[in-house]
Each structure stands twice: as structure tokens, then as C-alpha cells.
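**Q** Let me give you the structure first, and then I'll get to my questions.
The values are calculated or read from the model by the stated rules, or taken from the named source; none is laboratory data. This one's a predicted model, so the numbers in the text were calculated from it and none came from an experiment. A quick note on method: Cβ atoms are made from the backbone with ideal geometry, for glycine too, and the neighbour counts reach across all protein chains shown.
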There are 2 protein chains.
Amino acid sequence: MLTKEKIAEKFQSLQDDICQQLEQVDGSSFKEDLWERPGGGGGRTRIIMGNHIEKGGVNFSAVSGELPEKISKALQLDKCDFFATGVSIVLHPSNPFVPIIHMNVRYFEMDNGIWWFGGGIDLTPHYINPKDAYFFHTKLKETCDKYHSEYYSKFKQWADDYFYIKHRKETRGIGGIFFDRLSEDSDISKKDRFEFVWDVGNTFCPVYLELLNRNKDRNYLQEHKEWQLLRRGRYVEFNLVWDKGTKFGLDTDGRTESILMSLPATANWVYDYHPEKDSPEKFTLNHLKKGLDWINYTG
Amino acid sequence: MLTKEKIAEKFQSLQDDICQQLEQVDGSSFKEDLWERPGGGGGRTRIIMGNHIEKGGVNFSAVSGELPEKISKALQLDKCDFFATGVSIVLHPSNPFVPIIHMNVRYFEMDNGIWWFGGGIDLTPHYINPKDAYFFHTKLKETCDKYHSEYYSKFKQWADDYFYIKHRKETRGIGGIFFDRLSEDSDISKKDRFEFVWDVGNTFCPVYLELLNRNKDRNYLQEHKEWQLLRRGRYVEFNLVWDKGTKFGLDTDGRTESILMSLPATANWVYDYHPEKDSPEKFTLNHLKKGLDWINYTG
């Protein structure tokens, strides 16, 4: 049976596997912090400050106890006990031609029997490269298509809507997939749901390591680095202003350093900066839009 | 009579006066952007990237029209027309021994006759210096005491509560004064309220220019700069996660570049950084607390 303990164990092994693969490619090591949650459970926060990944985190947590009031209210539920486990990743690369990536898989259940899975992967290139975008979205679609013919289109749209920086009228990056509250129904068992989520988790390494290897040794100039720092500023704005997960965590007394591992080592802000016409920076800005079909993109 | 037009005119002259004084001390010039609000009114955003002020903004705005629904709901009001005008300042200095400062004065009225003033000044030193803190709070108290013996203690506490980074369990800096919804009552006329707010606005220059002159030529090391960048990261966290003015602006389609002029040119994040025992950085952290009496501080 797929118990919550089993799911947490699998997620923990996913964290191990991903960290090991990243360490091999980066040639550096994660630093681990074990932490306990006063209300119940805890986690393993792993941080890398590496050769190619300037700053990144791969977090595992499995927390439990009484559902915080903010959450029960938001979910319109009475007081109850909950259990939540997940793996959450954000990597900020050094090279501006390597994209920022985020991945999350999570499972949530309450003692009233309600449960669901959520998660996703999304990519934030500092410089959008249609070939990389094609590769990224094709790989996500391949994973989705194994489970349901509509998953990719549905979850891609969800990502476009979720990773949107409203006050900038820009998407955070080129999207990816995002899903939440995947529970069982007549055709789909808990085991089916887990298998999909597990597959998403295991799509992370082959996809990101390919993008890292393609771009990590590309030469860049100071101007590329400066643009990267501005784009990181937007990443900070999204995470602190709009990301529901971050806000919930900070609001409900989560472990701040684990939540904010998503922030880059350095970010810049320049007042009212506009890239030049026909520049690669402008090309990127023009493509930070919802609804672009990167698999059939023709330019 | 103190009409809304008159208040806006006075605020605009305050912006002029402050910019002129800052330009003189900094030896550089503000860049001005005039903007219009689609719903009515507009503003003058002035940005400096100077010799001592690395990045700063002195904004004036006077906006009007139909009250955005988000605001009327938050204020539990029916649809109505509004008028709002104010001056808002954030300065991020280059030298880590010069504090970040924020000042705001504002006036709000609705067509149902309800009006109020709000505002405040607060200081965010990267390195807390009790002599500077004494000077800063003494000057604010002098201004407050001219109007009411309880203003300083009341508005200081309000600032401690408002400028609080809940997820860090730290105040943003050493506080200052903060007040909102100052309207008329049996003893206090609109003219009295304006005079107080006007005096707060005019306290900005003598206070900040003194702190700037005291510290702008102090020598500093790379380690001081690094600490400054981390503290700026906290400033970003406060403004994007907790500051009600920022969130309201971004939520109600305000002019993003004017709102986010409060962000520094560069900010850093280091995972789980703890300064050394007995260091000036640790001294600062230990004093980012509510309720400290900087006027009678004895160490």
C-alpha cells in the first residue's frame, strides 16, 4: 500500500538521487542541514554553492501536526491533523546562458482521508533559446503523455498562469508544467497519481543536466552577466510577491532559510531599464508571454 | 482653505526642495520621469544614481478617479471617487556606514468627505551606531513634541510594529515614526494635521544630510560591503513581502517602476548566514528589535 511514510521515503530517495547527479556534473558538494519543525516532522535542506551552480537548494521535508489555522481557513476546513511531504528545488547557475530551474513534487493528506499530489517543473532562462525551450517542453510532454493525452496541455497552461509576474506583465520564464490537487477518481488510483508525480521528479535530472551541459562553458561578457542579475531581480519579485508556496511558508512560520533558498546569491535592480531593439535581451522579454507553443515554435 | 490641490502643490514643492538639497550634497542630479495614471492623475518620479547615494528615488504623485475595488473592499466602502497625493523617498547609499532611509507623507480623501493624512520616517542602518540612532530619534521627537506630547511615543511604536520582518523576527532597522489615518477631531483641525505632516516632511533633509555627512567618507572594507548587500536583501524581503503600500500599489496596477524604486541596485542572499560573536554585524542584529529606546540608550 502507498502509505504516507512510503511516499516520504520515495521523495527522500529522489532528493538523494538528484543531489548525487548534480554533484557529479558540478564537481562540488551539497551542504546539508537537518531541521525539525516545532509542530511536528522536519526536513533535510541541501545547499550547493558550486562551480556551475552559483547557488542552489534541493530540499526534502515531511511535516505533520495540527493544520495551521491560516491553511485550514484558506482550504475552508475545520481543525484537523495533516501530513505534507515534498522535494523542492531551485538552482541559480553562474553562466547567464544556463537557465534557472525550479522543480517541486509534493503530497498532502489530512486525517479526514482527503489527499492530493501537486508539483511541476518550470524553466527561467536569462536568455531564451528556442532550441533549449523546444527540448525542455518536448521532454515534459513526453513524460506527461505517458499518463494522459491532456496532461501536457493542461499543466502547461497552469504553469503559464501560475508563474506570472502580474506587476511586470511578464511570465517568470518559458513555463513548463504545474499541477495541484491531483487526487483519485474513477479511473485514476493513488498509485497512478504517484507514478506520474514520481516520473516528473525523475524528469528533472535528464532535462536540466542536458541544458547545463549544453551551456555551462559558453563564453559570456559583462553585459550578459548584468542582464542575468536583472532577470534574477524579477525572480526575486515573483517569489516574494506572488508565489503562493513562499507566502504560505513565511506566513505559517515555516523554516525561513529553507523557504528562501530559492533566492539568488545576487540580484540587481535598475530603474526603468529597457533593452535595445533587436537585442537578445529584447528577444527574451518579447517571449515572456503566456500561451507560447515552444514545441511548434517557428520564430 | 486647505484644498486637496493646495496640499498636492505643497507636497510637490517639498519634492523640489528635497531633491535640490540632496543634489547639492551628492554632487549629482536626479533624472525625472513624468507619468500619467490611466484612471486619473499622475506623478513625477525622480531617480538618483549618484556619488554617495548609489540608488534612490524621490517620488511625488497626485492620483484620482474611481477608488480601485481592492481598496474600497479593504476599507469596507462603497464605490466612490478618491484623491491621493504624497511624497515617497527611499535612498540606498553607497557607503555601508551610511544608513538607508525612507520617508513618506501622504494625504487621501474620498468624495464622501472622509480624509486623512499618513506618513513617517524610518532609518535602516547596515551598521547600527547608537550615536546616530540617538540623533535620529531625538530629531524626530523634537518635531513630534511641537504638536503633541504623545505623538513621538505613539508613532515610534507604530513604526516598530509596521517595519517588522516577521519571517526573520527582525525589525527592518531602528524604526522612526509611522502614522496613518490622522483626521480631524474636536481639538485638531485639518490645518493642524497638515502642519504636523509638513513638518515631518521638512525634518527629512536636516536629519538625513547630517547622517550622510557624518558617514559618507568613512573607510570601509569588502566585508562591510558584503554585509551591506545582505542587509539590502532583508530590505527587499520587507518591501516585497510585508510592506502594505508596495503590495497595494502592485495589486492595484500602480506604476511598477515608481513603486519599486525602493529596491536597491544590488542585494545578496547567503544561505543561513550568521555573523561572528562580538562583531559589529552581530551587534546590529541584536538591536533589530521592537521597543528599544534609542534616546535613552546606554548600551
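**Q** Can you tell me which of A:Glu281, A:Glu276 is farther than 30 Å from A:Leu75 by Cα, more than 14 Å from the chain's Cα centre (by Cα), at pLDDT 95 or above and outside any helix (DSSP H, G or I)?
**A** Just a single option satisfies the conditions, and that option is A:Glu276.
**Q** Starting from region A:35-61, take each residue that is without any contact (Cβ under 8 Å) to a residue 60 or more places away in the chain and list its partners that are part of a loop (DSSP other than H, G, I, E, B), counting only C-beta distances under 6 angstrom and pairs at least six apart or across chains.
**A** Hits for this filter: A:Arg46/A:Phe30; A:Ile48/A:Phe30; A:Gly50/A:Ser28; A:Asn51/A:Gly27; A:Asn51/A:Ser28.
**Q** Take region A:120-138 and flag every residue that is part of a loop (DSSP other than H, G, I, E, B) and under 17 Å from the mean Cα position of the chain (by Cα).
**A** A:Pro125, A:His126
**Q** Please identify the pairs in which a residue from region B:154-173 that is closer than 18 Å to B:Tyr235 by Cβ and facing chain A (nearest Cβ under 10 Å) has its Cβ atom under 7 Å from the Cβ atom of a residue that is at pLDDT 95 or above and part of a loop (DSSP other than H, G, I, E, B), counting only partners at least 6 apart or on another chain.
**A** B:Ile165/B:Arg172
**Q** Just to be sure before I move on: is B:Tyr273 touching a residue at least 60 places away in the same chain (Cβ under 8 Å) and not acidic (Asp, Glu) in the structure I sent?
**A** No: the conditions fail for B:Tyr273.
**Q** I'd like to know if region B:234-246 contains one or more residues that are within 18 Å of B:Ile53 (Cα to Cα) and free of Cβ contacts under 8 Å to residues at least 40 places away in the same chain.
**A** Within region B:234-246, one or more residues are within 18 Å of B:Ile53 (Cα to Cα) and free of Cβ contacts under 8 Å to residues at least 40 places away in the same chain.
**Q** I've got another one for you. Is at least one residue of region A:172-186 modelled with pLDDT under 95 and in contact with a helix residue (DSSP H, G or I) (Cβ under 6 Å, 6 or more places away or on another chain)?
**A** Yes.
**Q** Do we find that A:Lys131 is touching a Gly at 6+ places or on another chain (Cβ under 7 Å) and without any contact (Cβ under 8 Å) to a residue 40 or more places away in the chain in this structure?
**A** Values: touching a Gly at 6+ places or on another chain (Cβ under 7 Å): no; without any contact (Cβ under 8 Å) to a residue 40 or more places away in the chain: yes.
Here the answer is no, as A:Lys131 does not meet what is asked.
**Q** List the number of the failed condition for A:Gly233; all other conditions in (1) within 14 Å of another protein chain (Cβ to nearest Cβ); (2) closer than 30 Å to A:Glu66 by Cβ hold.
**A** Only one criterion is unmet by A:Gly233, namely (2).
**Q** If I ask for residues that are surrounded by 14 or more Cβ atoms within 10 Å (Cβ to Cβ) and away from chain A (no Cβ under 14 Å), which ones from region B:265-284 would you list?
**A** The answer is B:Pro275, B:Pro280, B:Glu281, B:Phe283, B:Thr284.
**Q** Follow-up. For region B:81-112, name all the residues that are of a type outside the set (Gly, Ala, Ser), surrounded by fewer than 24 Cβ atoms within 10 Å (Cβ to Cβ) and farther than 18 Å from B:Ile259 by Cβ.
**A** Residues satisfying the conditions are B:Asp81, B:Phe83, B:Asn95, B:Pro96, B:Phe97, B:Glu109, B:Met110, B:Asp111, B:Asn112.
**Q** Could you list, in sequence order, all residues of region A:197-226 that are surrounded by 15 or more Cβ atoms within 10 Å (Cβ to Cβ), away from chain B (no Cβ under 14 Å) and farther than 30 Å from A:Trp115 by Cα?
**A** Of everything in region A:197-226, those that are surrounded by 15 or more Cβ atoms within 10 Å (Cβ to Cβ), away from chain B (no Cβ under 14 Å) and farther than 30 Å from A:Trp115 by Cα turn out to be A:Leu209, A:Leu211, A:Leu212, A:Arg214, A:Asn215, A:Lys216, A:Tyr220, A:His224.
**Q** Hey, B:Phe117 hits all of (1) in a strand (DSSP E or B); (2) surrounded by fewer than 20 Cβ atoms within 10 Å (Cβ to Cβ) but one; which does it fall short on?
**A** (2)
**Q** Restricting attention to region A:249-264, and to residues there that are more than 7 Å from chain B (Cβ to nearest Cβ), assigned to a helix (DSSP H, G or I) and in contact with a helix residue (DSSP H, G or I) (Cβ under 7 Å, 6 or more places away or on another chain), which single residue is modelled with the lowest pLDDT?
**A** A:Asp251
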